[in-house]
Amino acid sequence: LHLSIRRQRQMCIRDRAEGVVVYARTGCPSSTQFSDNTILRECGAGWGNHLVIDHGNNIYSRYGHMRFDGVYKRVGDRVNKDEIVGLMGNSGRSEGRHLHLEIGYYSGDFDSCEPSKSFDFVVNPAAYGF
């Protein structure tokens, strides 16, 4: 029972569709998990530790505000639907542990050595089965 509760508290993030990781931001700390993050709020362009996954046809997903030690994938990794990609956290411009899931179109390129880019526009995740 104790292990089961611990796993639930970690709040695993599962990828919602097959794709390839094109951006990974790590190294953003958080001051706490359950209230306003007060340190390095602009880290990762405000998204904190996060992944961007290319699903083809210029459709991308962003999983933001991940835990400091909770980004499990790297640029170039192929991910499958429902595969665990990381842990929910409170990094970046965040008011408490949560997942920022964003689905959108982007016509440019991502470079993990540069600040993260916003999508050209975002869409309702439900329209894409997310």
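The values are calculated or read from the model by the stated rules, or taken from the named source; none is laboratory data. Remember, predicted model here, so these are calculated numbers, not experimental data. So basically every Cβ, Gly included, is an ideal-geometry build from the backbone, and we count neighbours across all protein chains shown. SASA here: full protein model, heavy atoms, side chains in, ligands and nucleic acids out. Shrake-Rupley method; radii C 1.70, N 1.55, O 1.52, S 1.80 Å.
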Quick one: in segment 74-89, of everything that is acidic (Asp, Glu) and within 16 Å of Phe130 (Cβ to Cβ), which residue is most open to solvent (accessible area, probe 1.4 Å)? Asp82
Can you find a residue that is part of a loop (DSSP other than H, G, I, E, B) and under 23 Å from Ala127 (Cβ atoms) anywhere in segment 26-46? no
Test Ser91 against the criterion of being modelled with pLDDT of 95 or more, touching a His at 6+ places or on another chain (Cβ under 8 Å) and not in a strand (DSSP E or B), and give yes or no. yes
